[in-house]
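Structure record follows, encoded as structure tokens.
The values are calculated or read from the model by the stated rules, or taken from the named source; none is laboratory data. Computed from a predicted structure; not experimentally measured. Cβ placement follows ideal geometry from the backbone for every residue including glycine, while neighbour counts extend to all protein chains displayed. Heads up: the accessible areas ignore ligands, DNA and RNA and are worked out on the full protein's heavy atoms, side chains in. Shrake-Rupley method; radii C 1.70, N 1.55, O 1.52, S 1.80 Å.
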Amino acid sequence: RPRIPKYILDSYREGILVGSACCEGELFTAFLENASYEEIERIASYYDYFEIQPVGNNMFLIREGVLKSVKDIERINTEIVKLGDKLGKMTVATGDVHFLDEEDSIYRAVMMGAQGYSDADLQPPLYFRTTEEMLKEFTYLGDRAYEVVVENTSKIADMIEEVKPVPNGFYPPVIPGSDEE
């Protein structure tokens, strides 16, 4: 559960793109808590772009009675897209991917079960979806689906410089005296 306090993020903010996150993020939470539109705009102003996820990722909100139906999840996602339009910020459809293939959810269920989660066997579909699968997930957005799934995702990717955590070459450890021993 990585966490970075905002004051630390703010001190290193230059050159960092900050997205609004999944349903656990403060923007989505503001919609869940029926915050005023002014408060939602205030929260949204912090982020460089907004994120929405497939409905299946948030089905636990219906199971737990936080939302009543799939339409409620779709409504919030649609409102986030509209908010992005109003504030001039992109909305990007993300999978909130936790594992590569759909059948790999069993491994996450085991880990969550070991941590005491009572709903560990009710895994959301947090697998790496194809473009076609993502487009299908957001058909309720109409002609905006292609924009949030493909176009805006590509724009975000183009904003990110390539980073090589390990440079090319061979870098054995340097141990003093090892060459003589």
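Quick one: ranking Met134, Met159, Met59 by accessible area, 1.4 Å probe, largest first, what do you get?
Reading off the accessible areas and sorting them downward yields Met159, Met59, Met134.
Given the rule -39500 (n - 2.57) for each run of at least 4 DSSP H residues, summed and divided by the residues of the chain, what is its mean residue ellipticity at 222 nm, to the nearest 500 deg cm²/dmol?
-10500 deg cm²/dmol
Do you know the relative contact order of the chain, to the nearest whole percent, from alpha carbon pairs under 8 angstrom that are 6+ apart?
Relative contact order of the chain: 17 percent.
Provide Ser36, Ser105, Ser11, Ser20 ordered by accessible surface of protein heavy atoms (probe 1.4 Å), highest first.
Working: Ser36 60, Ser105 35, Ser11 80, Ser20 5 Å².
The residues order as Ser11, Ser36, Ser105, Ser20, largest area first.
Provide the solvent-accessible area of Val149, counting protein heavy atoms only and rolling a 1.4 Å probe, rounded to the nearest 10 Å².
My reading of the accessible area for Val149 is about 20 Å².
Put +1 on the Cβ of each Lys and Arg and -1 on the Cβ of each Asp and Glu in the chain; which of Gly177, Pro165, Leu67 then has its Cα farthest toward the positive end of the dipole?
Of the options given, the answer is Leu67.
For region 9-63 and region 121-155, write down the distance between their C-alpha centroids in whole Å.
Centre-to-centre distance over Cα atoms comes out at 17 Å.
How much length, in nm to one decimal, is gained on full extension between Ile175 and Ile4, taken as 0.36 nm per residue of separation minus their Cα-Cα distance?
Computed gain between Ile175 and Ile4 is 58.1 nm.
Can you pull the one-decimal nm distance between simple spin-label points at Arg75 and Ser118, each 7 Å off the Cα toward Cβ?
2.7 nm
Once you've got the Cα coordinates, tell me which of Lys71/Lys155; Lys68/Lys155; Lys86/Lys155; Lys6/Lys89; Lys82/Lys136; Lys89/Lys136 are over 25 Å apart.
Table pairs above 25 Å Cα-Cα are Lys71/Lys155; Lys68/Lys155.
With the contact rule set at Cα under 8 Å and sequence spacing of 6 or more, what percent relative contact order holds for region 26-125?
Numbers: 85 pairs, mean separation 28.6, N = 100.
Reported as a whole number, the value is 29 percent.
Can you give me the accessible area per residue for region 44-181, using a 1.4 Å probe, in Å²? Write down the numbers at each step before the final one.
Values: 8990 Å² over 138 residues.
Accessible surface, normalised per residue, equals 65 Å².
Please give, to one decimal in nm, the separation of the simple spin-label points placed at Tyr107 and Glu24, each 7 Å out from Cα toward the Cβ.
About 1.9 nm, to one decimal.
Using a 1.4 angstrom probe with every protein chain in place, what is the largest-first accessible-area order of Val92, Val166, Val66, Val150?
Val166, Val66, Val150, Val92
Tell me which label goes with the value of mean projected area of the Cα convex hull in nm² computed from the coordinates here: (1) 8.7; (2) 15.5; (3) 11.7.
(2)
Provide the solvent-accessible area of Glu151, counting protein heavy atoms only and rolling a 1.4 Å probe, rounded to the nearest 10 Å².
The value for Glu151 is about 80 Å².
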